[in-house]
Amino acid sequence: MLCGLSQSMMELILFRGVQGFAGGLLMMIPLKLLGELLPPGKRSMSIGILSAVSSISTIVGPTVGGLITDTLGWNWVFFINVPIGAFVMILLWKYLPNMGKDIKQKIFDYKGLITYIICLSTLLLALTIIQQGDTTPTLTLVALFACAAVMLLGFIWSERNAEEPLLPLHLFKNNIFTISAVCMFLIGTLMLSSTTYIPLFLQKVQGMTASSAGIFISPLFISTTIMSILGGKIIQKTDKYKVMILASFVFFITGMGLLSTMTISTTTLEVVVYSSLVGIGLGFSFPQFTVISQSAVEKQDLGVVTGSIQLFRMLGNVIGLTILGVIVNMTLGMGSANSQVSPLILNNAIGNVFFTGLIIAIAGFLMCLLLKEIHMDGEVTH
């Protein structure tokens, strides 16, 4: 509501921040609820369906949003969510089971939150300055990176000493959680590299319109949707996930490798096939890392594990996409990929992005070779 009533860009940014805070909670809570309500063996299918719904909304949302903006105005992109949100709240109030627990002492890790925010903000600011090619003094960049490093150390210290840490460091002693967290970071980068730079390639290199480029990126989300459900069903039937996760990175490697070879003469069919391979990798991996992380910890850690896995995915989105932007602009040798850049040069820059994605996918595959296999009840298999 407040976003739709915004009178300036600063107000919109502020209210979007509030909206993002709530959105972060909503992204994690359904996964946590599935972990609480369903036995381990049945979570994979349900989380796969949840991921499929998310993929469908990614396809439909921008199209519907564009239609609303063109017909009713941009404000209604936000206003339309008010009745939808009210309806969902009624459903939750009526049907959501009460699983609240009595907490004797309410403690919040403020030190961890503050150091985390400052660390991430200064790191992103430094990377953004490099990406935009600003003539910022080197000393300023060094100071920003140093601040991020100090805040990271402060965050680690805070988490070690906090009674209720935001990110319990003991979780990293768990092989499955650690590998899942790192891989979700890598996959978050791979996802954003595809959904950002494939449309850019179609528009700026091959001369498509924005709407046409959006249509040709849809197969990526469609394949993600189908494979999320299929992958969940396979794990539910077989109780095996390592082979599927390794296979997902094989699809990533193949897709990113092929995307890195695209040129002006690449056909749209080839782009669809290449992007679909990445989509298959996403569908086979995204839900599974959440499921196996939940199955590898005690029930009281379900919430923090679920939230942490999603945190690493979002960090991969934010940090990874910024780093890829730096790679693009370093290739272009200028401040930004604007319309003055020739299609050939931009094609080389985007190719470097996908080649970087190929390296990331190979790293993820090698890391997953170390992943332990457990039954969905948490028992290690040999």
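The table below gives the values:
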| read-out | value |
| --- | --- |
| From 137, 39, 83, residue being at pLDDT below 75 and either in contact with a helix residue (DSSP H, G or I) (Cβ under 9 Å, 6 or more places away or on another chain) or surrounded by fewer than 15 Cβ atoms within 10 Å (Cβ to Cβ) (or both) | 39 |
| Out of 226, 253, 264, sole residue that is in contact (Cβ under 8 Å) with a residue 24 or more places away in the chain and farther than 22 Å from residue 51 by Cβ | 264 |
| Set 145, 155, 177: member being in a helix (DSSP H, G or I) and either closer than 22 Å to residue 297 by Cα or touching an Asp or Glu at 6+ places or on another chain (Cβ under 6 Å) (or both) | 177 |
| Check on residue 280, surrounded by 22 or more Cβ atoms within 10 Å (Cβ to Cβ) and assigned to a helix (DSSP H, G or I) | yes |
| Any chance residue 346 is modelled with pLDDT of 85 or more, in a loop (DSSP other than H, G, I, E, B), aliphatic (A, V, I, L, M) and out of contact with any Ser or Thr (no Cβ under 8 Å at 6 or more places or on another chain) | no |
| Every residue from segment 210-256 that is of a type in the set (Asp, Glu) and either at pLDDT 80 or above or not assigned by TED's automatic domain parsing to the domain that holds residue 273 (or both) | none |
| Residue in segment 275-293 that is at pLDDT below 85 and farther than 19 Å from residue 175 by Cβ present | yes |
| Residues being at pLDDT below 90, in contact with a helix residue (DSSP H, G or I) (Cβ under 8 Å, 6 or more places away or on another chain) and over 15 Å from residue 320 (Cα atoms) - total across segment 102-128 | 4 |
| Residue 214 being touching a Pro at 6+ places or on another chain (Cβ under 9 Å) and within 17 Å of residue 184 (Cα to Cα) | no |
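The values are calculated or read from the model by the stated rules, or taken from the named source; none is laboratory data. These figures come from a predicted structure and were not determined experimentally. Don't worry about glycine lacking a Cβ; one is built from the backbone with ideal geometry, like all the others, and counts go over all protein chains shown.
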